[in-house]
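Written out below as structure tokens is the structure these notes cover.
The values are calculated or read from the model by the stated rules, or taken from the named source; none is laboratory data. Quick caveat: nothing in here was measured; it's all calculated off a predicted structure. Note that we place each Cβ from the backbone using ideal geometry, even for glycine, and neighbour counts take in every protein chain shown. The accessibility values were calculated without ligands, DNA or RNA, using every heavy atom of the protein model including side chains. Shrake-Rupley method; radii C 1.70, N 1.55, O 1.52, S 1.80 Å.
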Amino acid sequence: MSFQAEISDLSLWKAMVDTHPLTASGQTRLGKVLTLMASHPKASCVLGLFRRKVVGIVTRSDLLRAVATHHNWAQIRLSKVYSRPVITVKTSAPQGVLPLLLSTFNQQPMDHLPIVDSNGDLVGVAHRSSLMQILLTQRSDGSKYGPEAYRNGLLRQEQHQRAQLVAQITLKIRQSLQLKEIFQTTVDEVKRLLGADRVLIYQVLPNGTGKTVSEAVDVSYPSILDMTFPEEVFPVNYQTLYAQGRVHAVTDVDSPDSGLSECLVAFIKEWRIRAKLIVPILNPMSLAAEPMGLRQQLWGLLIAHQCSGPRQWSAFEKDFMQQLSGQISLAFSQGQLLEYLEDRVKLRTTELTQTNQSLQREIQERQVMGAALRQSEAQLRLITNHLPVLIAYVDTHQRYRFNNQAYQDWLGRSPTDTKGRSMLSVMGKAYYEKAKRHIETVLTGAPVSYESQLTFRDGKSRSVSVTYVPHLETNERGSAQVQGFFALTSDISDRKAIERMKDEFIAVVSHELRTPLTSIHTSLKLLATGRLGELSEDGQQMLEVADENTDRLVRLVNNVLDLQRIESGEVTMNTAACDAAVLVAQAAEAMQTMAQQYNIEIRTRSVSLLIWADPDYIIRTLTNLIGNAIKFSEPGGIIYLTVEAYRGSSLQHAGSVGSGSGSPVFSSMPSRLQLRGQALFCVQDSGQGIPAHRLSSIFERFQQVDSSDSREKGGTGLGLTICRKIVEQHGGEIWAESQLGIGSQFYFTIPLDYAPIPTE
């Protein structure tokens, strides 16, 4: 039979060519085209015509692409989305229409070929799948349409196209994590490629029942999507076979060799099924380490139905379905991964949401705190800017964080310029070197007060009193941690000037009084000897009183003059290396006469320490302290005089500490006194003690615990002041500790001398 005879066969034309294709003008808008295709669900393309001539072709894929890429797709003209160029086949081809169709489909990757007559007018559209079905259809005489070469060529092309489609579907599955999307893509593509009437994915549920989870079906046949089927439809023995990998192809359900039971055939016919191809979809969990039963390995089935009539399923179609079922199994792994990731994302989202809410609350709290701090700083600045003192806050890196207006007025440094700068750069190297040790002390947590000289913006040097107060905060462990310190500096130049005037006045007066007092004192002593005549008993008594008062005045004048000379720098300390134990012994020996007079015992305990000091002034300090101890101790008491070394420790004072007797110990010791490399001297008495509120002032001028002490004990009120000046001249510290009713301890330190002792 010739090709021309075959092509003229009306039934063959109807089977191969769509003689009523969807057509539209190139000016038709896509909105109307999509409506047209929706009313013809089997149509896969639209031909663009101009005067019955084919000028373009648009497939469903072209339309979907246009909808996805243009926000105003409904208004786009059909001509804008034509697939170019348009290839057509003429019915008047010399070699015949069928060979030309086969050759063109072999050479071009397309599924539709418009057929035109000799005038170029559209006759119909040939479909690749329809042509394939014709070539595979058995005639009554057992022969097949077309030469073997054409058929084999088309089959090879069909196989190549199917391989490409498997790869495309595999890519889509791997690119997607949505199981519903994967299922629908699979059934749609399988239905299109195989030309089946229905393709579905059937899930086997744990209780033996099952349901259709995805389906692609012609509108001519009923849908079974989401329908649940009883266990009898898919019995256990069937499940076991499919779990072992069975692929079941049924050419005709009515055939005795179909392998279907009568009840199952009756059930199948209710859905107008004539042939079916079934491949298993295995559960990806069957690859897990734990062994699973065969039924558990089977997740479901991929099924193709032919409803229009019996169908012979080829080996390639079976293999194609098996490949897709394997890809679906992989999709489950992806789906499980998606579920895991979604759970993780939800959990992480919840955590991030909670963290974000916490951060928002923290931000709001910080904003409120920031506003409060700004208001507090504004109030603080308003107050401090009107105070005639330098007020600043310095952090642990010794950088200014706050300065009041006085920095501008005194030093020419505005608070804005000073903030964030170091103390060294603001105060200058000379001042910083003097203040450095005090800064280091306050950063250990101890308050510091000292006096210094500061150069103002006018170039004049003035005396200032500086106080550093540490800023302490309690950390999580309950210990105090230094965050910085407050610095307060006040101008005491006027006070110093008054003190100098007072000192000069006292010095002048004392100096002028020394000569007449010495003369009077000598005269009184001479009268007391009786060489100038005997006095009456009353006269002798008055003479003794005058002698004692004159003696006290002489001591007072001498002490004032000594103090003035020490403070003015007129006294030069002749420092040298000397043994502290020897100085203690000499001081104790010098005070033995006075001690015996008051019935007091002096006990010493000392170690041989080499100190760098003026021995005369150290002995004077010790004798002053011993003399006070003797005068304030009860008869029969004991005075302890000790010296010891502190090389690697420090004394820490925190106010009052307890004693063994239960009485509180009051101390004027600095809050943190470093004794590294110091000799510590101590004079301890058993007197009445010193109240706590007087400990901080007893080393000042004319300060005594009781005003009657000066009359009863014969003190001048300058002895402890002189002791303090002597100790400070040596670079040491002096302080007192006391327990009321028990006694007092006076301590002072002198630096050790580390120079080697010369040898002969």
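Odds and ends about this structure:
- Solvent exposure of Arg552, expressed as accessible area, is near 80 Å², computed with a probe of 1.4 Å over the protein chains only.
- Solvent-accessible surface (1.4 angstrom probe) belonging to Leu64, in square angstrom, nearest 10: 120
- Accessible surface, 1.4 Å probe, highest first, among residues Asp614, Asp226: Asp226, Asp614
- Loop-located trypsin sites (Lys or Arg not before Pro) across region 17-88 with a Cβ neighbour count of 12 or fewer within 10 Å are Lys42, Arg51, Arg52, with loop assigned by DSSP.
- List Ser258, Ser465, Ser223, ordered by accessible area with a 1.4 Å probe, largest first: Ser223, Ser465, Ser258
- Sulfur and carbon atoms: percent of accessible area, region 413-472 [1.4 Å]: 48
- Solvent-accessible surface ranking, highest first, for Arg361, Arg413 at 1.4 angstrom: Arg361, Arg413
- Pairwise FRET efficiency - Glu377 versus Ala497, Cβ, R0 = 35 Å, nearest 0.05: 0.45
- Sparse packing (at most 14 other Cβ atoms within 10 Å of the Cβ) combined with a DSSP loop state is found for the following trypsin sites (Lys or Arg not before Pro) in region 435-531: Arg457, Lys460, Arg477, Arg531.
- Stokes-Einstein diffusion of region 186-281 at 20 °C, 1.002 mPa s viscosity, Kirkwood radius from Cα pairs, rounded to a whole number: 152 µm²/s.
- Region 336-452 - accessible surface per residue (Å², probe 1.4 Å): 66
- Only protein heavy atoms count here; under a 1.4 Å probe, Thr35 has an accessible surface of about 90 Å².
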